[in-house]
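To start, the structure under review is shown below, and the notes come after it.
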């Protein structure tokens, strides 16, 4: 078990520099163009694949770091370059994580490489959970999966929404209800390859921010997938459903909560990257911008804003790193530290980018400067992967031990 430390080792320092150089040299110069186009930046993903940043090996090594720090460190640097492009590159890891967590060794070996493709022909994956009436309330999921014993196929019907890479992914991991009476305990995950009959893209959303990341509905109309594409296999599912029907699924529910706590810090890290970018830009602007014969940073009103911005960015990073370390080292989340990190980092990103616009004044409100884009990008971090309100609820339940509604 690795001890928690703020000091990066030599490998982590090299990794940080490598990713930062890619973010600075490739991602950031392209950010404005792809934000305006609102399209998946395939050339950037291909470039990431060519240098090894978008690959099975890189993601595997990143998640294998026993300190837990490599994942948030990489996510922060990429979001510092551009959150939309960063999500376009690493949004695939959502589907990968679902396959890794629920799949058999054979499924993991077969499908995770297909989520990335090759440098010559890149692929992306999508994790399809949310629905119009089942966002924060996953137990209300309506997408159904019915087993056809005669053909050993699962038949999926429903519509997923707000799906990163939805409809364009080569591999869709779809969560569906097998036994609606069991609510969240009666759900299972399925792999649906691109081109499967009945699988289609619905509405593509035009978003306020992270516009280089593709977000759309995924429509499943009488989609048939072979039994082998049920993650974990039918025997394991049947045993789990039997335990749930006997009222013995409480432990699994807690395990699912712990899994979410482990993934939330990586989302918080992206928010930290946006906040840091805005803080650094505002700091340099305040040093150069002159009013009444001196740089505006020489005014306490501006200097104190920047001091608070830096303090909040650093505090958010510490919460993210601590939660990531707790997840990697098996320390657990007694006070919902994963949710704490995501909540604080997301709200910090919104506040810091707003302050950056204020420091730039009129210049901050126009697209010649990136702070308005960073502000648009930041807002979603108080919404997706669990809204700020849901994070407050999770933390309150953890620290009180009560079922607060």
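Throughout, read-outs are computed from the coordinates displayed, never taken from laboratory work. Remember, it's a predicted structure, so these values are computed and weren't measured experimentally. No Cβ is skipped: glycine too gets one built from the backbone with ideal geometry, and neighbour counts run over all protein chains shown.
How long is the gain from residue 132 to residue 291 if the chain were fully straight, where each residue apart is worth 0.36 nm and the alpha carbon distance is subtracted?
Using 0.36 nm per residue and subtracting the Cα-Cα distance, I get 52.3 nm.
If I stretch the segment between residue 101 and residue 182 completely, what's the gain in nm (0.36 nm per residue apart, minus their alpha carbon distance), one decimal?
Fully extending the segment from residue 101 to residue 182 adds 27.1 nm.
Using 0.36 nm times the number of residues separating residue 200 and residue 284, minus their current alpha carbon distance, what extension gain do you get?
25.6 nm
Would you mind computing, in nm to one decimal, how far apart the modelled labels at residue 32 and residue 157 are, each placed 7 Å from Cα along Cα→Cβ?
Between residue 32 and residue 157, the label points sit 5.0 nm apart.
Does the range 10-116 come out rounded, prolate or oblate, given a ≥ b ≥ c as the square roots of the eigenvalues of its C-alpha gyration tensor, rounded meaning a/c under 1.5 and, failing that, prolate meaning a/b above b/c?
oblate
Using label points projected 7 Å from each Cα along Cα→Cβ, tell me how many nm separate residue 144 and residue 331, to one decimal.
4.6 nm
Highest GNM mean-square fluctuation, the chain, Cα pairs closer than 10 Å: which of 293, 158, 91?
Sorting by GNM fluctuation, first place goes to 293.
Give the Kirkwood hydrodynamic radius (Å, one decimal) of the range 246-400, defined as one over the mean of 1/r across all pairs of different Cα atoms.
With all distinct Cα pairs of the range 246-400 included, I get 16.6 Å.
Express the Stokes-Einstein translational diffusion coefficient of the chain in µm² s⁻¹, to the nearest whole number, given a Kirkwood radius over alpha-carbon pairs, 10 °C and a viscosity of 1.306 mPa s.
72 µm²/s
Angle check, please: helix 105-116 long axis (alpha carbons) against the longest principal axis of the chain (alpha carbons), in degrees 0 to 90, nearest 10.
Result, in degrees: 40.
Using Cα atoms only, what is the angle between the long axis of helix 70-81 and the major principal axis of the chain, expressed in degrees (0 to 90) to the nearest 10?
60 degrees
Using r as the Cβ-Cβ distance of residue 10 and residue 57, and R0 as 30 Å, what FRET efficiency do you calculate, to the nearest 0.05?
Efficiency for this residue pair is about 0.95.
How tilted is helix 92-102 with respect to the longest principal axis of the chain? Cα atoms for both, answer in degrees (0 to 90, nearest 10).
40 degrees
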